[in-house]
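Working notes, structure below.
The values are calculated or read from the model by the stated rules, or taken from the named source; none is laboratory data. Not measured: the values here are computed from a predicted model. Here the Cβ positions follow ideal geometry from the backbone for every residue, glycine too, while neighbour counts run over all protein chains shown. Side chains included, ligands, DNA and RNA excluded: accessible areas come from the protein's heavy atoms. Shrake-Rupley method; radii C 1.70, N 1.55, O 1.52, S 1.80 Å.
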Amino acid sequence: MRDALAATRTTLTALPGLGTVLAAKVIGHVGDISRFPTEHHFAGCTGSAPLDASSGNNVRHRLNTGGNRALNSVLHVIAICQIRDGGRGQDYYQRKIAEGKTPLKPAGPSNGCCPTWSTGS
C-alpha cells in the first residue's frame, strides 16, 4: 500500500491525522480532486455539508446523511485524530467549545470493538 501511495506522489500523509491507510482511502474515493470546483462541492459529495432545513424566519440546518459515507467516515477519523493530537484541529475544536458548541462525547461501541462519537447532550 505504501508503494502504491508513493506512486501517486501525494502529500496527504504530511497532514496531521492522516497515515498511509487513510490517505489511500481518500485517494481511492476521491480520485482526481480537480473534479470538485470548490471545497463546497467536495463537502457536498462527502456528506459533510449540512442541509438547509429552514422554514420562514427559522434558519436551521440538519445533518446530511447522504454523500459518500465511506469518505465521510475517513474525514471523521482524521478530525478525531487531529483533536486528540493537538495542532490546528485541536485549536479549532477548543475554539468551538468556547463558543458554546456541544463537545463530542463517547456514544458507546457500535459493534463492540470500536468507539463511535456523537454530538449532543
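Report, by residue number, each residue of the stretch 14-40 that is free of Cβ contacts under 8 Å to residues at least 40 places away in the same chain, assigned to a helix (DSSP H, G or I) and open to solvent by 70 Å² or more (accessible area, probe 1.4 Å). Answer for the stretch 14-40, where residues must be free of Cβ contacts under 8 Å to residues at least 40 places away in the same chain, assigned to a helix (DSSP H, G or I) and open to solvent by 70 Å² or more (accessible area, probe 1.4 Å): Ala14, Val21, Ile33, Ser34, Arg35, Glu39, His40. The set of residues in the stretch 41-56 being open to solvent by less than 70 Å² (accessible area, probe 1.4 Å), outside any helix (DSSP H, G or I) and either of a type in the set (A, V, I, L, M) or under 24 Å from Ile80 (Cα atoms) (or both) consists of Gly47, Ser48, Ala49, Leu51, Ala53.
Ser73 fulfils the conditions (1) modelled with pLDDT under 90; (2) among the hydroxyl-bearing types (Ser, Thr, Tyr); (3) surrounded by 13 or more Cβ atoms within 10 Å (Cβ to Cβ) except for a single criterion, (1). The lone criterion from (1) assigned to a helix (DSSP H, G or I); (2) touching a strand residue (DSSP E or B) at 6+ places or on another chain (Cβ under 8 Å) left unmet by Asn64 is number (1).
Is at least one residue of the stretch 52-61 under 27 Å from Gln90 (Cβ atoms) and in contact (Cβ under 8 Å) with a residue 12 or more places away in the chain? Walk me through it before giving the result.
As a first pass, look at the stretch 52-61 and keep what is under 27 Å from Gln90 (Cβ atoms): 61.
Remaining after also requiring in contact (Cβ under 8 Å) with a residue 12 or more places away in the chain: none.
Taking every residue of the stretch 52-61 in turn, none turns out to be under 27 Å from Gln90 (Cβ atoms) and in contact (Cβ under 8 Å) with a residue 12 or more places away in the chain.
All conditions but one from (1) within 21 Å of Gly89 (Cα to Cα); (2) open to solvent by 70 Å² or more (accessible area, probe 1.4 Å); (3) at pLDDT below 90 apply to Asp3; the one that does not is (1).
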